[in-house]
Amino acid sequence: MRLRHATATVMLVASAVSLTACSSSASDSTTTSAAESAAASTDASPTASLLGSDPATYSPVPITPADDNAIIRLKVGQHVLFQGFGPDATYASTDAKVFTVEPGGTSGGVTTNPGGTAVGEGDAFATVDDAGKTYSIQISVMSQ
């Protein structure tokens, strides 16, 4: 009886050690995986998911003050949403044949956010003037 109890205790301790080793390596790989994901998202272009066949239905790409001097790659028909700028900011595009800007505002009781749409292939700059600072974002548009 005493031998069975000792054998069971040894097996229980061995199992616990094995599980601890497994959970340790699992958390290490999770940590590595999370770090790799963070690095990948830092390097990624701030484009929306390109699921489906119609860029007009893709999620809008957010453009924030942190995107100053960035290059945003879009497909014709894809939209952007300007976020984090002041309520008196003004928005413009250097080439309306490539990228158009909708300033947002209130009309008929409905408030819309400022945004833009990729309308043709090429490169344009979206500029945002906000509280004395000008932000410039290159918009590079490719065909569908």
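The table that follows gives values for the structure above.
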item: Positions within the stretch 84-124 being touching a helix residue (DSSP H, G or I) at 6+ places or on another chain (Cβ under 9 Å) and either without any contact (Cβ under 8 Å) to a residue 40 or more places away in the chain or hydrophobic (A, V, I, L, M, F, W, C) (or both), in sequence order; result: G84, F85, A118
item: Strands (runs of 3 or more DSSP E) lying entirely in the stretch 95-144 (those with 2 or more residues that are at pLDDT 95 or above and either under 17 Å from I72 (Cα atoms) or among the polar types (S, T, N, Q) (or both)); result: 99-102, 115-118, 122-130, 133-142
item: Subset of the stretch 114-144 [polar (S, T, N, Q) and touching a Pro at 6+ places or on another chain (Cβ under 9 Å)]; result: Q144
item: Output for the stretch 125-139, where each listed residue is within 16 Å of L81 (Cα to Cα) and free of Cβ contacts under 8 Å to residues at least 40 places away in the same chain; result: F125, T127
item: Complete set of residues in the stretch 76-131 that are of a type in the set (F, W, Y) and closer than 21 Å to S143 by Cβ; result: F99, F125
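Residue-by-condition table, conditions (1) under 18 Å from D68 (Cα atoms); (2) not assigned by TED's automatic domain parsing to the domain that holds Q83; (3) not β-branched (V, I, T):
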| site | (1), (2), (3) |
| --- | --- |
| K97 | no, no, yes |
| G104 | no, no, yes |
| T112 | no, no, no |
| E121 | no, no, yes |
| A124 | yes, no, yes |
| D130 | yes, no, yes |
| S136 | yes, no, yes |
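The values are calculated or read from the model by the stated rules, or taken from the named source; none is laboratory data. Because the structure is predicted, anything quoted here is derived from the model rather than measured. Don't worry about glycine lacking a Cβ; one is built from the backbone with ideal geometry, like all the others, and counts go over all protein chains shown.
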